[in-house]
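Student: The structure that follows is given in the form of structure tokens.
The values are calculated or read from the model by the stated rules, or taken from the named source; none is laboratory data. Since we're looking at a predicted model, the values are computed, not measured. Methodologically, a virtual Cβ is constructed for each residue, glycine included, from the backbone with ideal geometry; neighbour enumeration extends over all protein chains shown. Accessible surface is based on the protein model in full, side chains and every heavy atom, while ligands, DNA and RNA are left aside. Shrake-Rupley method; radii C 1.70, N 1.55, O 1.52, S 1.80 Å.
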Amino acid sequence: MLQCSEPEQIAYRELSEEDKDAILPIVELSQIKYDASFQSTIDAVGAIFGHRPFILDLSKDAAPEAYVSKKNPDHAKIEKLQKAQDSYNASLLAHMMPTDGFSKWRECVSQYANAIPVLQFTDPASQSKNILRQAAQFWKAGVERLAIRITPETSEEIFPIIGQIVAFLDSAEQLVLIVDCGQGRQQIAERIEFAKRSAARVLEELDPSQMLNLAAVCLHDSYTSPPESAKIYESHSRELWREASTGYPFLFGDYSGHRRWKKSSTYMPGDWKAQVVYALPESWIIYRHDNAQDPQGWILGSKAIIEHADFDDGLSCWGSELVKTAATGKLDPYGSARYWHAAKINMHVSRQISYSDESAEGDDEI
């Protein structure tokens, strides 16, 4: 799953054509950066994905409030930023409104010829008729595949609605069930049980002839906040997916190894420290530079990664080439944190694609 931040855009854009062909990305419309409009997000997604199919969802996280410094605040600048944030949030709210089968959301989706829309809702109990109308209107407009996403917070009321939606589709395979186990390293057993239970509840609502046709993806990410001392940071996402798949044959999905921070303001800390993260199949090698505001940290970090005992040269992608080049002392033009965030995401996605291919060849995983 990808959102629309600048690092995530770079990470996807720099994937090889082969890697892009290998995935069906879930894309959440989200604010690109502070002060960016909702329309700029819509435009960016169209430019990035072009003719390729993707699942389109809507991040319901509001743009944060403009930060007001305690010392010498620039009120004109703050007011301008807050106006931009309010405008984004007004557009976001409009796209979440259930009126006429979420008509604003359907209008948005219609701008992308290859989008598989995620059906929107916030309260299934009160919005059931509009959820069904949303699905019916998409179908009537020629949208051949739909998706629906459930989380541990989703009401049980959604399951009968899913059954009703599948009933008017030609086949259950035209609905992608996204079981989102969230971000986190704790309560893995509970997340596994949630995934199994969710699939089972959906199957209860289907005609037996449709049960084997349902496409479902188990989504999770365990890249949260690595401890300062961490050199190797293990991922639990594959473990969770494998265990969940003993109950139903889920496809694998994650958050692209990128933490989704919920921020209350646009505050940006003044100090930054260079960080290099290298993706392994089920973990990451992490280097954090000691000195703040020191671009040499990316060079030293890349050298440290390559010299690490667990480093393997099994990656061949833009992000891994960036690390290898920086290790030789060459940083230009990538002396900015956004490129290194992008490199981490790019490597993670590429690694998961190759790891899935290797596992499939061994018949261990789907």
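Results for (1) more than 25 Å from Tyr255 (Cβ to Cβ); (2) not aliphatic (A, V, I, L, M), shown as yes or no for each residue.
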| residue | (1), (2) |
| --- | --- |
| Lys140 | yes, yes |
| Arg145 | no, yes |
| Arg149 | no, yes |
| Pro152 | no, yes |
| Ile165 | yes, no |
| Phe168 | yes, yes |
| Val179 | no, no |
| Gly184 | no, yes |
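Student: Being in a helix (DSSP H, G or I), under 27 Å from Phe138 (Cβ atoms) and without any contact (Cβ under 8 Å) to a residue 24 or more places away in the chain, is that true of even one residue in region 49-70? Step through it out loud before you land on a result.
Tutor: Step one: of region 49-70, the residues in a helix (DSSP H, G or I) are 49.
Next, only the ones that are under 27 Å from Phe138 (Cβ atoms) stay: 49.
Now drop any that are not without any contact (Cβ under 8 Å) to a residue 24 or more places away in the chain, which leaves none.
Looking through region 49-70, none of the residues is in a helix (DSSP H, G or I), under 27 Å from Phe138 (Cβ atoms) and without any contact (Cβ under 8 Å) to a residue 24 or more places away in the chain.
Student: Let me ask something else about it. Any chance you could count how many residues in region 237-283 are of a type in the set (Ser, Thr, Tyr) and either under 23 Å from Glu321 (Cβ atoms) or assigned to a strand (DSSP E or B) (or both)? Explain how you work it out, then say what you get.
Tutor: Step one: of region 237-283, the residues of a type in the set (Ser, Thr, Tyr) are 237, 245-246, 248, 255-256, 264-267, 278, 283.
Next, from what is left, pick out any that are either under 23 Å from Glu321 (Cβ atoms) or assigned to a strand (DSSP E or B) (or both): 256, 265, 278, 283.
Total meeting the criteria: 4.
Student: Oh, and also: So which of Gln187, Gln275, Gln293, Gln210 ends up being at positive phi, touching a residue at least 12 places away in the same chain (Cβ under 8 Å) and of a type in the set (S, T, N, Q)?
Tutor: Details: Gln187 fails: touching a residue at least 12 places away in the same chain (Cβ under 8 Å); Gln275 fails: at positive phi; Gln210 fails: at positive phi.
Only one candidate passes the filter, namely Gln293.
Student: Of all residues in region 106-165, which are part of a loop (DSSP other than H, G, I, E, B) and closer than 24 Å to Gln183 by Cα?
Tutor: Within region 106-165, the subset part of a loop (DSSP other than H, G, I, E, B) is 110-114, 119-123, 141-145, 151-157.
Of everything in region 106-165, those that are part of a loop (DSSP other than H, G, I, E, B) and closer than 24 Å to Gln183 by Cα turn out to be Leu119, Gln120, Phe121, Thr122, Asp123, Thr151, Pro152, Glu153, Thr154, Ser155, Glu156, Glu157.
Student: Here's something else I'd like to know. Starting from residues that are out of contact with any strand residue (DSSP E or B) (no Cβ under 8 Å at 6 or more places or on another chain) and of a type in the set (Asp, Glu), keep the ones in region 53-101 and report whichever is most open to solvent (accessible area, probe 1.4 Å).
Tutor: Among those that are out of contact with any strand residue (DSSP E or B) (no Cβ under 8 Å at 6 or more places or on another chain) and of a type in the set (Asp, Glu), it is Glu79.
Student: Is it the case, given these coordinates, that Pro227 is assigned to a loop (DSSP other than H, G, I, E, B), touching a Phe, Trp or Tyr at 6+ places or on another chain (Cβ under 9 Å) and without any contact (Cβ under 8 Å) to a residue 40 or more places away in the chain? Steps first, please.
Tutor: Numbers: assigned to a loop (DSSP other than H, G, I, E, B): yes; touching a Phe, Trp or Tyr at 6+ places or on another chain (Cβ under 9 Å): yes; without any contact (Cβ under 8 Å) to a residue 40 or more places away in the chain: yes.
The answer is yes for Pro227.
Student: Starting from residues that are hydrophobic (A, V, I, L, M, F, W, C) and more than 30 Å from Lys80 (Cβ to Cβ), keep the ones in region 6-34 and report whichever is surrounded by the most Cβ atoms within 10 Å (Cβ to Cβ).
Tutor: Start the filter on region 6-34 by keeping residues that are hydrophobic (A, V, I, L, M, F, W, C), which leaves 10-11, 15, 22-24, 26-27, 29, 32.
When the remaining residues are screened for being more than 30 Å from Lys80 (Cβ to Cβ), the result is 15, 22-24, 26.
Details: Leu15: 21, Ala22: 16, Ile23: 18, Leu24: 16, Ile26: 25.
Looking at residues that are hydrophobic (A, V, I, L, M, F, W, C) and more than 30 Å from Lys80 (Cβ to Cβ), I get Ile26.
Student: Within region 1-48, which residues are of a type in the set (Ser, Thr, Tyr) and in a helix (DSSP H, G or I)? So that I can check it myself, show each step before the final result.
Tutor: Here is the first cut: in region 1-48, the ones of a type in the set (Ser, Thr, Tyr) are 5, 12, 16, 30, 34, 37, 40-41.
Residues satisfying the conditions are Tyr12, Ser40, Thr41.
Student: Tally the residues that are hydrophobic (A, V, I, L, M, F, W, C), open to solvent by 10 Å² or more (accessible area, probe 1.4 Å) and farther than 30 Å from Ser225 by Cβ, restricting the search to region 177-207. Please lay out each step first, then the result.
Tutor: Filtering region 177-207 down to residues hydrophobic (A, V, I, L, M, F, W, C) leaves 177-179, 181, 188-189, 192, 194-195, 199-200, 202-203, 206.
From what is left, the residues that are open to solvent by 10 Å² or more (accessible area, probe 1.4 Å) are 188-189, 192, 194, 200, 203, 206.
Adding the requirement that they be farther than 30 Å from Ser225 by Cβ leaves 200, 203, 206.
Looking only at that region, the number is 3.
Student: As an exercise: evaluate Ile150 against (1) open to solvent by 10 Å² or more (accessible area, probe 1.4 Å); (2) touching a residue at least 24 places away in the same chain (Cβ under 8 Å) and give the number of the one condition it does not meet.
Tutor: The one condition Ile150 does not meet is (1).
Student: Considering only region 203-217, I want to know if a residue exists there that is in a strand (DSSP E or B), under 23 Å from the mean Cα position of the chain (by Cα), at pLDDT below 95 and under 15 Å from Tyr248 (Cα atoms).
Tutor: Yes, region 203-217 has at least one match.
Student: Additional query: Could you list, in sequence order, all residues of region 284-323 that are exposed (fewer than 15 other Cβ atoms within 10 Å of the Cβ) and outside any loop (DSSP other than H, G, I, E, B)?
Tutor: Correct list: Asp290, Asn291, Ala292, Gln296, Glu307.
Student: If you check Ser37 against the conditions, is it of a type outside the set (Val, Ile, Thr) and open to solvent by less than 30 Å² (accessible area, probe 1.4 Å)?
Tutor: no
Student: Here's another thing I want to ask about it. At pLDDT 95 or above and buried (at least 23 other Cβ atoms within 10 Å of the Cβ): does that describe Trp340? Even if it seems obvious, please write down each step before you answer.
Tutor: On the way: at pLDDT 95 or above: yes; buried (at least 23 other Cβ atoms within 10 Å of the Cβ): yes.
So Trp340 passes the test.
Student: Which ones in region 289-306 are at pLDDT below 95 and either of a type in the set (D, E, K, R) or within 18 Å of His348 (Cα to Cα) (or both)?
Tutor: Asp290, the sole residue that qualifies.
Student: Oh, and also: Among the residues that make up region 320-337, is at least one of them at pLDDT 95 or above and within 30 Å of Glu173 (Cα to Cα)?
Tutor: There is no residue in region 320-337 that is at pLDDT 95 or above and within 30 Å of Glu173 (Cα to Cα).
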